[in-house]
Amino acid sequence: MSLTPDSVPRLPRGVRLRHDTVRNAHVLLAPERTFDLDQNAVAVLGLVDGSRSIRAIAEALAQQYETDRSIIEPDVITMLDGLLLKRVLETVPAA
Amino acid sequence: MNAVTHASSPALPAPIGLLAELTHRCPLRCPYCSNPLELDRRSAELDTATWQRVLAEAASLGVLHVHLSGGEPTARQDIVEITRACAELGLYSNLITSGVAGALDKLDALSEAGLDHVQLSVQAVEAANAERIGGLKNAQPQKFAFAERVTALGLPLTLNAVIHRGNIAEVPALIDLAVRLGAKRLEVAHTQYYGWAYVNRAALMPAKADVDRSIRTVEEARERLKGQLVIDLVVPDYYAKYPKACAGGWGRRLMNVTPTGKVLPCHAAETIPGLEFWHVQDHSLAQIWADSPAFRAYRGTDWMQEPCRSCDRREKDWGGCRCQALALAGDAAATDPACSLSPLHGKVQALAIAESALETAPDYQYRTIGGAPRTAVPEGAPV
């Protein structure tokens, strides 16, 4: 099981992206665990909305950072694959 | 940064989790219950407004996760209001429930109030065995119906199974059950021998060979069910090499508020005599976290004796469990005898082996309110 550029990721119920004001950091809150997020992870997860495909997410990031989508896309897939394995990310079933 | 300041350390990290023991009332009577032997009565429980204030204080202190626990938290009439308060404060709410009695009736309202996650206990897979362990007839079908409704509502489900001599053979079946019920997580949690489990230790202690087999089963299942089921394994520390960091280290990550408002560094901390606990009625959570004598008693490493003091693992396991050190070594500041570096470790292992080898396990002393066993400590303690 692995994501492809066409996959449309979303956070399932029970997984929330939150800004922790006390520690001034972004965290992903999930059942019985908290993931500390770096800036890159926050940028990716900020675009995960259940409608953008991974290709579209990588494209948006490529424009933002003025680089090529093909450079960013594999990193996005690797990061989101990790969350998928931990069952804190899911994909929207193909219509 | 808004970390709480502390007299002896410049910046004390804020707690990340709050274990809210809303009530000690519970329809189940599990002989390994983590509640204290002296259970709080309903008439002494905190009211709704106080819990709402405590939750607001927790959120501003830096708590992210709230574990709504008990006893059975749905036994409280105001469980929906308390859950809603968590959601409004941005706190991640985790309902730790037995799934029996009135739990199912309240589940839809809890979901609507913004509940984030459900952790459902299962005592065993086979109904007669599960109901013998939990001490409640007809519990199993209620639990399965509850689990079905959790997933139907789209809530993430974790199954929690406390493992001991009476169900260790069912570990493979528990894994299958978690998959069948649509759980995303399973906790295979070997019994921790504090409180009621300490009293019942001789009835609960599994054989080392069975423990090893259960660990192999979990490791195989993790591989097989990758991406489908996450399995957390809590290993039994009488047979372990190193102890567990109690609650992630004393006064480092967790606060526990009891049904009557006492604030503890871990749920068993009241077994340690001489500790002074503060109450939410008298102090804010921030004050308690920073300054209550109980939180300061074993925070950090200054209190440690050898072999902990000079050990390079001292900031990994924080000396292990203080309550277990007291129970087994007779000194809450001793190295947890679950650690292989403790001079008492050999005796502890020998004790576990001897108890697990009893041909017939003793009868359970079921947990009851007002029915604490006269001897809280098994014969022959320390060790």
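Looking at the structure I just gave you, is B:E187 within 14 Å of chain A (Cβ to nearest Cβ), without any contact (Cβ under 8 Å) to a residue 12 or more places away in the chain and among the charged types (D, E, K, R)? Walk me through how you get there before you give the answer.
Values: within 14 Å of chain A (Cβ to nearest Cβ): yes; without any contact (Cβ under 8 Å) to a residue 12 or more places away in the chain: no; among the charged types (D, E, K, R): yes.
No: the conditions fail for B:E187.
Condition test on B:P236, is it in contact with an Asp or Glu (Cβ under 7 Å, 6 or more places away or on another chain) and either hydroxyl-bearing (S, T, Y) or modelled with pLDDT under 95 (or both)?
When the stated conditions are applied, B:P236 does not pass them.
Across segment B:318-334, which residue is surrounded by the fewest Cβ atoms within 10 Å (Cβ to Cβ) among those that are in contact (Cβ under 8 Å) with a residue 40 or more places away in the chain and closer than 16 Å to B:D302 by Cβ?
So the residue we want is B:A332.
Can B:G320 be described as assigned to a loop (DSSP other than H, G, I, E, B) and more than 20 Å from B:L19 (Cβ to Cβ)?
no
Are there helices (runs of 4 or more DSSP H) fully within segment B:20-121 with at least 1 residues that are more than 24 Å from B:L155 (Cβ to Cβ) and away from every other protein chain (no Cβ under 14 Å)? List them.
So the answer is B:48-61.
Considering A:R10, A:R33, A:R55, A:R87, which residue is at pLDDT 95 or above and within 26 Å of B:P156 (Cα to Cα)?
Every option except A:R10 fails the conditions.
Conditions first: (1) closer than 30 Å to B:F295 by Cα; (2) within 14 Å of another protein chain (Cβ to nearest Cβ); (3) crowded, with 19+ Cβ neighbours inside 10 Å; (4) of a type in the set (A, V, I, L, M). B:A197 passes all but one, so which condition is the exception?
It is condition (2) that B:A197 fails.
For every residue, the table says whether it meets (1) of a type in the set (V, I, T); (2) free of Cβ contacts under 8 Å to residues at least 40 places away in the same chain.
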position	(1), (2)
B:A247	no, yes
B:R252	no, no
B:T271	yes, no
B:H283	no, yes
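Among the residues in segment B:283-295, are any among the β-branched types (V, I, T) and part of a loop (DSSP other than H, G, I, E, B)? Before you say what the answer is, go through the steps one by one.
Initially, segment B:283-295 is screened for residues among the β-branched types (V, I, T), giving B:288.
Among the residues that remain, those that are also part of a loop (DSSP other than H, G, I, E, B) are: none.
No, segment B:283-295 has no match at all.
Does B:A207 meet the test of being surrounded by 21 or more Cβ atoms within 10 Å (Cβ to Cβ) and over 22 Å from the mean Cα position of the chain (by Cα)? Step through it out loud before you land on a result.
Values: surrounded by 21 or more Cβ atoms within 10 Å (Cβ to Cβ): no; over 22 Å from the mean Cα position of the chain (by Cα): yes.
Against the criterion (surrounded by 21 or more Cβ atoms within 10 Å (Cβ to Cβ) and over 22 Å from the mean Cα position of the chain (by Cα)), B:A207 does not qualify.
I'd like the residue in segment B:265-288 that is among the aliphatic types (A, V, I, L, M) and under 13 Å from the mean Cα position of the chain (by Cα) and, out of all such residues, is modelled with the highest pLDDT.
B:A269
Can you find a residue in segment B:227-235 that is over 20 Å from B:P36 (Cα atoms), of a type outside the set (F, W, Y), within 19 Å of the chain's Cα centre (by Cα) and more than 14 Å from chain A (Cβ to nearest Cβ)?
The answer is yes, given that some residue of segment B:227-235 is over 20 Å from B:P36 (Cα atoms), of a type outside the set (F, W, Y), within 19 Å of the chain's Cα centre (by Cα) and more than 14 Å from chain A (Cβ to nearest Cβ).
The values are calculated or read from the model by the stated rules, or taken from the named source; none is laboratory data. This is a predicted model, so every value here is computed, not measured. Ideal geometry is used to build each Cβ from the backbone, glycine not excepted, and the neighbour counts take in all protein chains shown.
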